[in-house]
Amino acid sequence: MLRLALYQPDIPQNTGTMLRMAACLGVSVEIIEPAGFDVSDRHLRRSALDYLDHVTITRHRSWEAFAAWRRENGTRLVLATTRGALPYTDLAFRRGDCILVGRESAGVPEVVHAAADARVVVPIREGMRSLNVAVAAAMILGEGLRQISL
């Protein structure tokens, strides 16, 4: 199956939306800290409601801890970025891929871009900045799940 990773999320409502989506689709979630809010179960429950009991969440204390986990597991990292060159529909997703979305306020730093095995973009109209991170995650995750289910 695929995984969804959240890099230092800073809006609880978006995090809750992505956790609910992951619960419904059977996708595990990696939260890379520090977050812009308390990511304890008690606080996540406010935004993810009763869906929190149906999703597997792994918290990583830092980008370095996540990167070590990824290397140890041989997980391919697919970064969702407005700076991506490849439309997400053109990537051949594989079982075990981890789709990473950045902070709502700032995306991800260059070190994260450099570490990604693939960088994908959701094409949008000229003059628009970006989609909501939860919407972009849903689109990319949906395409990945469609491909690996064929």
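Computed from the coordinates by the stated procedures, all read-outs in this text should not be read as laboratory data. Fair warning: this is a prediction, and the values are worked out from it, not measured in the lab. Reconstructed Cβ throughout: ideal geometry from the backbone, glycine too, with neighbour counts over all protein chains shown.
Could you tell me whether region 102-149 comes out rounded, prolate or oblate from its Cα gyration tensor? Rule is a ≥ b ≥ c as square roots of the eigenvalues, rounded for a/c under 1.5, then prolate if a/b exceeds b/c, otherwise oblate.
In terms of gyration-tensor shape, oblate.
Under 1.5 on a/c is rounded, so check that first for the chain, then, if it is not, pick prolate when a/b is larger than b/c and oblate when it is not; a ≥ b ≥ c are the square roots of the alpha carbon gyration tensor eigenvalues.
Rounded shape, in that the Cα axes give a/c under 1.5.
Longest exposed-loop-site-free stretch of the chain, with trypsin sites (Lys or Arg not before Pro), DSSP loop and at most 11 other Cβ within 10 Å?
1-60
Within 12 Å, Cβ to Cβ, of VAL29, how many net charges do the neighbouring residues add up to if Lys/Arg are +1 and Asp/Glu are -1?
The answer is +2.
How big is the dipole moment of the chain about its Cα centre under a simple scheme where the beta carbon of each Lys and Arg is +1, that of each Asp and Glu is -1, and everything else is neutral? Debye, nearest 20, please.
In debye, rounded to 20, the chain gives about 140.
Over the chain, calculate the relative contact order: mean separation of alpha carbon pairs under 8 Å at least 6 apart, over the residue count, as a percent.
For the chain, the relative contact order is 30 percent.
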